[in-house]
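Please treat every number below as a calculation from the coordinates, not as lab data. A quick note: this is a predicted structure, and the numbers were derived from the prediction, not measured. Using ideal geometry, Cβ is built from the backbone for each residue, glycine included, and neighbour counts are taken over all protein chains shown.
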Amino acid sequence: MVVPSPNPAIRSRKTQAVGIPSVDLSFVGPGLAEQLARACEDYGFFKVTNHGVPREVVSRVEGEMKAFFSRPAFEKQRVGLAFPFGYGCKNIGPNGDTGELEYLLLRADPSSVSDVSRTVSDDPDGFSSAVNNYIDEVRELVCEILDLLGEGLRLLDESVFSRLISDVQNDSLLRINHYPFAPKPSSHRPDHGRTRGEGRVGFGEHSDPQILTVLRSNDVEGLQVCLRDGLWVAVPPDPNSFYVLVGDALQAMTNGRLRSVRHRAMANSHKPRMSMVYFGAPPLNSSISPLPEMVSPQNPPIYRPFTWGDFKKALYSLRLGDCRLDLFKILNQQQPTTNDDTKSTLDD
Ligand SMILES: C=C1C[C@]23C[C@@]1(O)CC[C@H]2[C@@]12CC[C@H](O)[C@@](C)(C(=O)O1)[C@H]2[C@@H]3C(=O)O
Ligand SMILES: O=C(O)CCC(=O)C(=O)O
Ligand SMILES: [Fe+2]
């Protein structure tokens, strides 16, 4: 059931205390699918409790990643630079974005995980099996959520989203972000990398390009999401739950009805933070276009059809904070006012 939980943790001047929707997946009852769809429309974001991913699966992969990040820099660099896959430190993507973090970015498929495991760990088989078990569990969770969404949106084919992720050719990713303990700079130092007076940004504002993101972090705060009215909300950490974020591709397929949520992670000055983020993406040749049920004379298509491969090309040519879906908008027609709080930065 969706229950907005109180969120007293306010981290920015431009935030407000609002409830973040929470979905208990063990509650199988009427209205669950509709409430989940509503959370994706209103917030593009919700928390999932009782998700069914075994605790040992999560703690095993978390242990492997902790061990990796505690290695000396030269050993981590042996994995290869993260453009697009591998180990990255401070540089995000190929276009000059930076953050207060290091990370491992992997293709979420067994053979890629196995390849990388040889440079990542002294026990490659242990590493591969921990990561692959996690990926399998989280993919199953993503598919369950997507099927509920299909039901909640009353689609003729309720599995239209989940099929893209369960396809053997899916292009899903796993990213593990490590935000090391970073003491606050002294007050006379310039305000580089900060939101106005509110702390340093670990991973800058953006939306995720894929269909659905499932994020889990340790018990250290940092994640913030942007509401429709532009207010930023600090998300209280909960290592026993997952957070779900709507991605750009799902916004396009639902013709803007579901909202790809803008979010960021702040650097924490007290404790190191680690997040494990699964990005559920379709095969490269999948066509992404507004579904017929999402289009009507009152709601004409906002986006032209594109393949996931086309979209990836565009996103790697842009900066982290850019609104890449704008490139695929159908021009010269009256646009419904969806997601109008996310200002395009393409002209910057
Ligand atoms: C600056 C970039 C990093 C990114 C690729 C991009 O050119 C624009 C989108 C970025 C993003 C954000 C969400 C995910 O963390 C990510 C893996 C993705 O799919 O899109 C990253 C990309 C990346 O780090 O390679
Ligand atoms: O670390 C986090 O909580 C957010 C990371 C994120 O948004 C991403 O990796 O795309
Ligand atoms: Fe993200």
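Output the peptides 125-138, 19-32 sorted from most to least packed, where packing is the average of other Cβ atoms within 10 Å over each peptide's residues. Before the final figure, lay out each step's value.
Values: 125-138: 19.9, 19-32: 14.7.
Answer by packing, highest mean first, reads 125-138, 19-32.
Tell me the relative contact order for the chain as a rounded percent, counting alpha carbon contacts under 8 Å between residues six or more apart. Mind showing how you got there, number by number?
On the way: 731 pairs, mean separation 67.2, N = 348.
Once normalised by length, the contact order is 19 percent.
By average Cβ neighbour count within 10 Å, what is the ranking of 221-231, 169-179, 70-80 from highest down?
Packing proxy ranking, top to bottom: 169-179, 221-231, 70-80.
For the chain, with equal point scatterers placed on the C-alpha atoms only and solvent neglected, what are the log10 I(q)/I(0) values from the Debye formula at q = 0.12 1/Å, to two decimals?
-0.86
At 24 angstrom or more along the helix axis (alpha-carbon based) and mean Kyte-Doolittle of -0.5 or higher, what helices does the chain contain? Whole DSSP H runs only.
Going by DSSP H runs, the hits are 124-152.
Place the peptides 252-261, 81-90 in order of packing, highest mean first, counting for every residue the other Cβ atoms within 10 Å and averaging per peptide.
Working: 252-261: 25.1, 81-90: 16.9.
Put in order of decreasing packing, that is 252-261, 81-90.
Could you tell me the center-to-center distance, by alpha carbons, between region 284-300 and region 102-149 in angstrom?
Each part's Cα centre sits 31 Å from the other's.
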